[in-house]
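Beneath this line is the structure, given in structure tokens, with notes to follow.
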Amino acid sequence: MQTLFFLMIFAYLFGLLTALFCGRGSFGRGLTAVSATIGAGAGFSLGLWVVLTGTPFIFSIPDLLQIAGGFALRLDPLGAFFLIVIGLVGVAASIYGFGYSKDYEDGRASLRLLGVMFNLFMLTMSLVTLADNVLTFLIMWEGMSLTSYFLVMTEPKEAETISAGVWYLAMTHTGLVMLLGAFLLLMNGGSGGFSDLRMGSGSLTAAVRGLVFVLAFLGFGSKAGIVPLHIWLPRAHPAAPSHVSALMSGVMIKMGIYGLLRVALDILGGGPVWWGGLVLGVGAVSALLGVLYALMEHDLKRLLAYHSVENIGIILIGIGAGLMFHSYGLMTFAALGFIGGLYHTLNHASFKGLLFLGAGSVLHSTHTRNMEEMGGLIKKMPWTAFFFLIGVAAISALPPLNGFASEWMVFQSLLGGFNLTTPEVALLIPIAVGMLALTSGLAAACFVKAFGITFLALPRSPEAEHAHESPLSMKIGMGILTFTCIALGLAAFVVVPILGRVLSGFGGLPDTHAVFTMNLTVQSPNRFGQFSSIWIAAGLLVLLVLIPLVMRLFRVNRRVRISDSWGCGKIGQTSRMEYTATAFAEPLRRVFAELYRPTKEVSIDFHPDSKYFVQSIDYKSEIPLLFSRWLYEPFLNLIRSTARQVRRLQAGSVHLYLVYVTVILVLMLLAARWF
Amino acid sequence: MVTLVNAILLEIGQAVLALLLAPGLVGFVRWLKARLQNRLGAPVWLPYVELWKLFGKEVVISRNASWLFRVTPYIVFACVLVVTFLVPMIIAPLPFDNAGDLLVVVYLLLLGTFFLALAGLDTGTAFGGMGSSREMTIAALAEPAIALAIFGLALGAGSTNLGQIVTLTLINPGVTINPGHFLAFAAMFIVSLAETGRLPVDNPSTHLELTMIHEAMILEYSGRYLALIEWASWLKLTVFFTLLANLFIPWGIATTLTLGSLGLAVLTLILKLVVLGVTVAVIETRIAKLRLFRVPELIGMSFVLALLAITSSFLLK
């Protein structure tokens, strides 16, 4: 284990150095990518080792950072699970990055900075899961945030990127302040070792514990992207290079989930019902709003970023349900909720990573993120299209892929709510079920749009027409995650018991290993529900082979004629006749018009002689972002106006400053006299 | 070994039964509708002839279409057919009962719809896109109502497994006179109309661009592909009717594997399908199609009914 740990550290450091000294050129890029891959692979293996054996890995340097208990690392199964998630997407993204970053050789971005920050980002993020005291945790946390800031700023010349960077930096530090508050309250003047915090948390008053929980939820939530703290996410994630977007959306936001579990479940050991209710409620709202805003998005990468908000919401629904059952003492159901949340974390990492890599390939080849300019890519980029299709089906929670398996677990944990008798909880849970179902239905609609408009029909622009398939390294990166999307779905009956073991012991959760049968099906406690993705997949496959065979047996007509699409008598089809992304989402925009409140601006240019002859029509419609307008803009305006008031003090006049000095001096003398 | 062979034979038998009944059911509804509208109507077996005709015709494919267009009919058909292996039609619990519960059934059907919607976009015509967009809108909005109806059923039976729900209702018939049971049935019935593309949500016999949903999506299909898709959608109707019949009023279904009970089960299944077919035919003659943007209201009603069903089961627990 020690070997794997050092291999991980030194591989990342080596990658950092090679990027620093020979970041450009295919050799340098290759070496950087290989070392990042080795680092991620070593982290993955280390995590897997700890999860499977159940023995934590401990490593500390007491002399480093002596003031706060030294540099302490300890990898327990919970942290190891998240290290696996990092390693999984990290391997794919590092390999993919080799091909993807070739475009930056033209000097648009500094490849050195990209390579250095990429490796440092992976390193600090991995160490977040290992940190065992407050200072180590916060340093690594901040390192992860800062390096990812630099990664977002890879293409510094774009105006959009600059604004995204500012938002990201502001939001992540707001979160950090809340985390500092939470940890200071937890430490209560004692040491910052996590084991001490765990021991001390019992003696805190209920109010302090509640405050710690809320601060931690907001702090970690701002990283995870919960509504309304998600505002940075759809800006920052698309701005970064695509393999970094995959890591940020697939993995980094999950560190928020890790932190929340660490503090709420492990250190605080669970709490009153309202904790779970809060997490569940915020999760359900995030899920629904995330997908609703994604539906209206035509920027492929921003659409995916909004879906990260949605999926974090689904994860939080699972965790919230877990926390609720935990406070009622229904440990098996609590475990089911947490397992659902963790399973979805892993699954979301693999399909969202895959989709961002796929979107990167499209961007790489068409140089646009606007879906309205794509189309027909399934013929030019068959591999990317296939990988993307699997990712799309997985994220839409379609069986037998992994997204369905974890959403099924979350559903089942919510259905366990019938064990609760409190009326308000009894009403909250069905509403959450409805919101979760609506979310997954809307996600399917949104991904029909994303895949259909991007990859199907005729190309809508010359760029899309001349698209080309991605190089091998990018295909390998996507292929790895495609494989895991399928494998994690089929192997649900293996994954679920392992996740049960990961959680056992945290917050007094039992080992639910025995609850889940291993005979190819997954079942929730008390045989409440059962399903076997491997049987479903087998059934589908057998039928897909059998149906054409039977049709041949019955001598069905097998002739095929290729012809034009039917155009109501119109000859010659062009891409302008196709449905657009906007048109596709229009019915839902009308249904949810109360929420979106779209603005419409139509200007018609008539012929000077008669208004019955229209020369051109200009139509503009925008969906204002609810939270920017009602929450952030008033706040920013307040800050700006305060700043303007403060500026009056600094008028630039020396006389005025002399007055200030004199006044302050007098005041201080008086103060010294009196006290 | 014998039991395994028996089990597989039973499952295949049930799937074949569903395949054979589906066109008949649709033909019956069409015929009855025509009679109710004072028309003579086509014979009940016309859908069988339609399938025969379509399987004998060549396929015309748009030159814009990709491989996805060609696989979709098979995927759609396979999805619905897998569902017939999971839904207890003549016997409960089925041997494959633990392979998938009610949630799996719903999401498998969604898988078929998903691919059909993609195929609708694949040919690049405005019709296909329009159909896909509308179909996905309705599918998405119907999802919460279905989930809540499932939740309501599961609350009564203590399980989401189909076999479990059916057998528990048989053992404990008091559940059926529970108000929650009726409300859940009403909710499920409305959603079934939406999911299977019946009036007032979609009109299966229209080809008017303003009102088409499902038909617009599959407009480019012909020959054997169209046959598969049509058959799959008829099968889907049969599956939803069977769910409505057997989950809420399960009597008649076989619980033991004897020839007599199986025969009785087949007969009661046909009877139940006929009753539901008459209901749908009457509804479709009595009411007009809703405007697309009024459909959410209908589905919202179903959602509220399901929510009431759950609350009442909580209160009466």
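Set the Förster distance to 45 Å, then compute FRET efficiency between A:Ile571 and B:Tyr48 from the Cβ-Cβ distance, nearest 0.05.
0.75
Percent of alpha carbon pairs in region B:190-276 separated by more than 15 Å?
67
Below 8 Å between Cα atoms, with a sequence gap of 6+, how large is the relative contact order for chain B in percent?
This gives 28 percent for chain B.
At 7 Å along Cα-to-Cβ for each site, give me the label-to-label distance between A:Phe21 and A:Leu625 in nm.
4.3
Which longest uninterrupted range of chain A lacks any GluC sites (Glu not before Pro) assigned by DSSP to a loop state (not H, G, I, E or B) and surrounded by at most 16 other Cβ atoms within 10 Å?
A:159-468
Just to be sure I follow the definition: excluding the sites themselves, where is the longest run in chain A that has none of the trypsin sites (Lys or Arg not before Pro) in a DSSP loop with at most 16 other Cβ atoms within 10 Å?
Here the longest run is A:158-554.
Whole percent per 10 Å bin, from 0 to the bin with the longest distance: what is P(r) over all C-alpha pairs of region A:271-556?
Percent of pairs per bin, in order: 7, 27, 30, 21, 11, 3, 0.
Structure shown: which of B:Lys53/B:Lys272; A:Lys570/B:Lys236; A:Lys475/B:Lys236; A:Lys449/B:Lys57; A:Lys301/A:Lys620; A:Lys301/A:Lys379 lie over 27 Å apart, alpha-carbon to alpha-carbon?
B:Lys53/B:Lys272; A:Lys570/B:Lys236; A:Lys475/B:Lys236; A:Lys449/B:Lys57
Where does region B:150-299 land on the Kirkwood hydrodynamic radius, alpha-carbon pairs, in angstrom?
Hydrodynamic radius (Kirkwood, Cα only) of region B:150-299 equals 17.2 Å.
Can you tell me the Rg and the Dmax, both Å, for the Cα atoms in chain A?
My reading of the Cα-based Rg and Dmax gives 27.0, 108 Å.
With the contact rule set at Cα under 8 Å and sequence spacing of 6 or more, what percent relative contact order holds for region A:476-627?
About 11 percent, as a whole number.
Return one quarter of the surface area of the convex hull spanned by the alpha-carbon atoms of region A:528-662, equal to its mean projected area, in nm².
If you wrap the Cα atoms of region A:528-662 in a convex hull and average its projections, you get 25.9 nm².
Stick to the Cα atoms of region B:6-49, pair each with every other, and give me the Kirkwood hydrodynamic radius in Å at one decimal.
About 11.6 Å for region B:6-49.
Once you put a point 7 Å from the Cα of A:Asn419 and another 7 Å from the Cα of A:Ile476, both along the Cβ direction, what distance in nm separates them?
So the two model labels end up 4.7 nm from each other.
Cα atoms only: what Rg and Dmax, in Å, come out for region A:194-320?
My reading of the Cα-based Rg and Dmax gives 15.6, 52 Å.
Mind pulling up the Rg/Rh value for region A:631-674? Radius of gyration and Kirkwood radius, both on Cα.
On the Cα set of region A:631-674, Rg over Rh gives 1.25.
Considering the convex hull of the alpha carbon atoms of region B:1-132, report its projected area averaged over all viewing directions, in nm², one decimal.
Projected area, direction-averaged: 11.3 nm².
Using each residue's phi in region A:342-357, evaluate 6.51 cos²θ - 1.76 cosθ + 1.60 at θ = phi - 60° and report the 3J(HN,Hα) Karplus result to the nearest Hz, with x for Gly and Pro.
Once θ is set to phi - 60°, the couplings for region A:342-357 become 5, 4, 5, 4, 4, 5, 5, 4, 6, 7, 6, x, 4, 5, 5, 5 Hz.
Suppose we keep just the alpha-carbon trace of region A:398-521; what are its Rg and Dmax in angstrom?
20.2, 61
Compute the FRET efficiency between A:Ser563 and A:Arg198 as 1/(1 + (r/R0)^6), taking r as their Cβ-Cβ distance and R0 = 60 Å, and round to the nearest 0.05.
Efficiency at R0 = 60 Å is approximately 0.30.
Set the Förster radius R0 to 41 Å, insert the Cβ-Cβ distance between B:Ala288 and A:Asp609 as r into 1/(1 + (r/R0)^6), and round the FRET efficiency to 0.05.
0.40
Expressed as an acute angle from 0 to 90° and rounded to the nearest 10, what is the orientation of the C-alpha long axis of helix B:67-86 relative to the principal long axis of chain B?
The two axes meet at around 20 degrees.
Give or take rounding to whole Å, what are the principal axis extents of the alpha carbon atoms in region A:340-424, in descending order?
56, 25, 19
Hey, what D do you get for region B:8-316 in µm²/s if you plug the Kirkwood alpha-carbon radius into Stokes-Einstein at 20 °C and 1.002 mPa s?
Once the numbers are plugged in, D ends up at 108 µm²/s.
Per the Cauchy relation, a quarter of the hull surface: what is the mean projected area of the convex hull of the alpha carbons in region A:247-321, in nm²?
4.7
Obtain the nm distance between the two label points defined at B:Thr176 and A:Ala593 by a simple spin-label model: each point lies 7 Å from its Cα along the Cα-to-C-beta direction.
Each label point lies 7 Å from its Cα, and together they span 4.5 nm.
Three principal axis extents, largest first, for the C-alpha atoms of region B:83-149, in Å?
Projected onto its principal axes, the Cα set of region B:83-149 covers 45, 24, 17 Å.
Rule-based calculations on the coordinates, nothing more; no lab input. From a predicted model like this one, the values you see are computed outputs, not experimental measurements. All Cβ positions, glycine included, derive from the backbone under ideal geometry; neighbour counts span all protein chains shown.
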